[in-house]
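Novice: Next up is a structure, given as C-alpha cells.
The values are calculated or read from the model by the stated rules, or taken from the named source; none is laboratory data. Worth saying up front: this structure is predicted, and the values here are computed from it rather than measured. Here the Cβ positions follow ideal geometry from the backbone for every residue, glycine too, while neighbour counts run over all protein chains shown. To get the accessible areas, we keep the full protein, side chains included, count just its heavy atoms, and leave off ligands, DNA and RNA. Shrake-Rupley method; radii C 1.70, N 1.55, O 1.52, S 1.80 Å.
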Amino acid sequence: MATPTSSYGRIYNFSAGPAVLPVPVLEQARDEMLNWQGSGMSVMEMSHRGACFESIIQQAEADLRALAKIPANYKVLFLQGGAHLQFSMVPMNFIPAGGSADYLLTGSWGRTAFKEAGKFGHARAAYTGEKDNFNAIPDKTQYELDPKAAYVHYTSNETIHGVEWTTVPVPPEGVPLICDTSSDMFSGPMDITPYSLIYAGAQKNLGPAGVLLAIIRDDMLARVPPGLPLMLDYKLMAENKSLYNTPPCYAVYVVGLVLKWLISIGGLEAIAKHNEAKAAVIYKAIDESGGYYRGHAHADSRSKMNITFRLGSEDLEKKFVKEATAAGLDGLKGHRSVGGLRASMYNAQSLEAAEALVQFMKDFQAKNG
Ligand code: PMP
C-alpha cells in the first residue's frame, strides 16, 4: 500500500485536494494513455456513447456498489460542478415552496452550503460551531432538528477545520438525511442506509478533479420538481445513467482505477485501518510535543483526513512550511481561516509520508523549541 516516493522523484504531498493518488493508478493510466485496452484510442478520445466508455462507467459503478455495499434502491450518479453545485442542487431539488431545511454547521463548507440554500428556500442553522471557530463536532444534546424539515444536511468531514463526525446524526422520523462527504467518502466502511443523498467531489479520496459522486435513494427522485435547469435535475441525471450529456469521461475512468486499487488492497476495512494508523502517528506527535504543536480540533472531533495544528507564532509557522517544502513535504500550509498547518491524509497517502512528517516535526522542534 505504500507509495514508493523514491521512484519518479515524487515528494510527500499533503495537499487538501486535488491530492495524492495511488502510484499504481497513475502507472496504469500512463500505460493505457495512448491505447486503452486494445481499443486503439485514449479514453480521452473515445465517444461517451461508445461501447468502450460504457463499459468503463458501468464497471466503475459496479465496483463502487460492491465496495460500499450500496443497496439496489440507490442510484449512483457521476456529476459535474463539484460539491459547490450540490450546494445549489440540493435546495433547488428538495426544499419545496414554503418549506425549510435544517443545516448542521461544523465548518466552512457546511456554512457555504447553508448560505447557498438560503437563496432557494428557507434554510435554518440547527447548529453552528462558528463562535469556537469550528473546533468540535456537537453531540446530540447540542442541537434540535425540525420534525417538519425538508431535509437535514451536514458535512461529515470539514476539510478546512479538520473536524469529522464519528457518528451519524439522526434526523426526525421521515426527514431525509443529506451529507457532503467530499473529504472522507470511502475512507472507511460506510453504511449508506441512513442517508437519502450523499455526495463527494472525487478529488480527495477517489480520483482527480472534475467528477462528483452522488448516491441518491430512489424515493428522493420522486420529489424533484418540474422545470429545473436540465443539468441541475437529479431525476434527469438518474434516468440517463449519468450520460444525459457528455460526462467527464477521463475523470470517471481514473475513479474506476482508484476503486479497483481500493478493492485490490482489501477494500474499505483495510483502508480504514491504514487511515487510522497514519492519523494516529501524527496526533501522537502533536500530543507528545509538550504544547509546541497545538491541534485545532478537540480530541474527540479530530479528523483522520485533515490534521490541523498550530505553532507558537505565525513566524514559526511560516518557517515550518518553508523548510518542510524544501525537505520534500509539500502542501502543509493551513487554510487562511484557521491558519497554521494542515496535513491531508487521504486514502492514497502513505504511512511513510506520515512518519516523514513526524520526523520533520521532531527535528523542527529540537532546532526551534
Ligand atoms: N465540501 C467539502 C467538505 C470540501 O472539502 C470541498 C472542497 N475542498 C467542497 C465542499 C467544495 O468542493 P468543490 O471545490 O469540488 O466544489
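Novice: Sum up the charges of everything whose Cβ sits under 14 Å from the Cβ of VAL358, counting Lys and Arg as +1 and Asp and Glu as -1, but leave VAL358 out.
Specialist: -2
Novice: To continue, here is another question. Just grab the label-to-label distance for ARG49 and SER100, each label 7 Å out from Cα along the Cβ direction, in nm (one decimal).
Specialist: 4.8 nm
Novice: Roughly what % of DSSP beta bridges within segment 27-263 run antiparallel, to the nearest 5?
Specialist: 45 percent
Novice: Next question. Explain nothing, just the number: dipole magnitude of segment 1-114 about its Cα centre with +1 on each Lys and Arg Cβ and -1 on each Asp and Glu Cβ, in debye rounded to the nearest 20.
Specialist: With Lys and Arg at +1 and Asp and Glu at -1, about 280 debye.
Novice: For segment 111-208, run through the GluC sites (Glu not before Pro) and keep only the ones in DSSP coil with at most 15 other Cβ atoms within 10 Å of their Cβ.
Specialist: Answer by residue number: GLU144, GLU173.
Novice: I would also like to ask the following. From the P(r) of segment 135-240, could you give the percentage of C-alpha pairs in the tail past 20 Å?
Specialist: 47 percent
Novice: Ok, one more. Go ahead and set up a Gaussian network model of the chain, Cα springs under 10 Å, then flag whichever of LYS304, LYS140, LYS131 fluctuates most.
Specialist: LYS131
Novice: How much of the accessible area of the chain, probe 1.4 Å, is carbon plus sulfur, in whole percent?
Specialist: Summing carbon and sulfur atoms, their accessible area is 55 percent of the total for the chain.
Novice: In nm, what is the difference between 0.36 nm times the number of residues separating GLN58 and TYR8 and their Cα-Cα distance?
Specialist: Difference between extended and current length: 14.8 nm.
Novice: Could you report the accessible area of ILE286 in Å², rounded to 10, computed with a 1.4 Å probe on the protein chains as they sit in the structure?
Specialist: Around 10 Å² of this residue is reachable by solvent.
Novice: P(r) for segment 9-65, please, calculated from all Cα pair distances in 5 Å bins and given in %.
Specialist: Per 5 Å bin, starting at zero, the Cα-Cα P(r) for segment 9-65 comes out as 4, 15, 18, 22, 18, 12, 8, 2 percent.
Novice: Ok, one more. Can you give the Rg/Rh ratio of segment 267-368, where Rg is from the C-alpha atoms and Rh is the Kirkwood radius?
Specialist: Ratio value, two decimals: 0.95.
Novice: What does the accessible area per residue of the chain come to in Å², with a 1.4 Å probe and no ligands, DNA or RNA counted?
Specialist: I get 43 Å² per residue for the chain.
Novice: Placing unit charges on C-beta atoms (Lys and Arg positive, Asp and Glu negative, everything else neutral), compute the dipole magnitude of the chain about its Cα centre in debye, rounded to 20.
Specialist: Its charge dipole is roughly 460 debye.
Novice: Where the centroid of each part is defined by its Cα atoms, how far is segment 291-369 from segment 84-98 in Å?
Specialist: Value for the Cα centre distance between the two parts: 36 Å.
Novice: Next question, about the same structure. Would you list THR159, THR112 from the most to the least accessible area, probe 1.4 Å?
Specialist: The most accessible residue leads, giving THR112, THR159.
Novice: Given 0.36 nm per residue, what is the gain on full extension from GLN359 to LYS69 after removing their alpha carbon distance, in nm?
Specialist: Gain in length upon complete extension: 100.6 nm.
Novice: How would segment 102-187 be classified by its alpha-carbon gyration tensor: rounded, prolate or oblate, with rounded meaning a/c under 1.5 and the a/b versus b/c comparison settling the rest?
Specialist: It comes out rounded by the Cα gyration axes.
Novice: Report the Rg/Rh value for segment 1-137, based on alpha-carbon coordinates and the Kirkwood definition of Rh.
Specialist: So for segment 1-137, dividing Rg by the Kirkwood Rh gives 1.08.
Novice: Starting at the first residue of segment 115-121, write each ³J(HN,Hα) from the Karplus equation 6.51 cos²θ - 1.76 cosθ + 1.60 with θ = phi - 60°, in whole Hz, x for Gly and Pro.
Specialist: Result, rounded to whole Hz: 5, 5, 4, x, 6, 10, x.
Novice: On to the next question. Which of the lysines could a cross-linker bridge to LYS69, judged by Cα under 18 Å and excluding same-chain residues fewer than eight apart?
Specialist: LYS260
Novice: Sticking with this structure for a sec: What distance in nm lies between label points placed 7 Å from Cα along the C-beta direction at SER313 and LEU230?
Specialist: 5.9 nm
Novice: Let me ask another. At q = 0.18, 0.27 Å⁻¹, what base-10 log of I(q)/I(0) does the Debye formula yield for segment 258-300 when every alpha carbon is treated as an equal point scatterer in vacuo?
Specialist: For segment 258-300, the Cα-only Debye profile gives -0.62, -0.89.
Novice: Please name whichever of LEU311, GLY201, VAL281 sits farthest to the positive end of the charge dipole of segment 191-317, dipole taken about the Cα centre and charges placed at Cβ: Lys and Arg +1, Asp and Glu -1.
Specialist: It is GLY201.
Novice: Just subtract the alpha-carbon distance of SER337 and ASP31 from 0.36 nm times their residue separation and send over the number in nm, one decimal.
Specialist: Fully extending the segment from SER337 to ASP31 adds 106.1 nm.
Novice: Let me ask something else. Can you compute the helix-only [θ] at 222 nm over the chain? Use -39500 (n - 2.57) per DSSP H run of at least 4 residues, normalise by all residues, nearest 500 deg cm²/dmol.
Specialist: The helix contribution divided over the chain gives -11000 deg cm²/dmol.
Novice: Here is a follow-up. Mind ranking LEU230, LEU85 by accessible surface for me, highest first, 1.4 Å probe?
Specialist: LEU230, LEU85
Novice: Just the C-alpha atoms of the chain: what Rg/Rh do they give, with Rh taken as the Kirkwood radius?
Specialist: Checking Rg against Rh, the ratio lands at 0.98.
Novice: If packing is taken as the average number of other Cβ atoms within 10 Å across a peptide's residues, how do 95-102, 329-336 rank, most packed first?
Specialist: The peptides rank, most packed first, as 329-336, 95-102.
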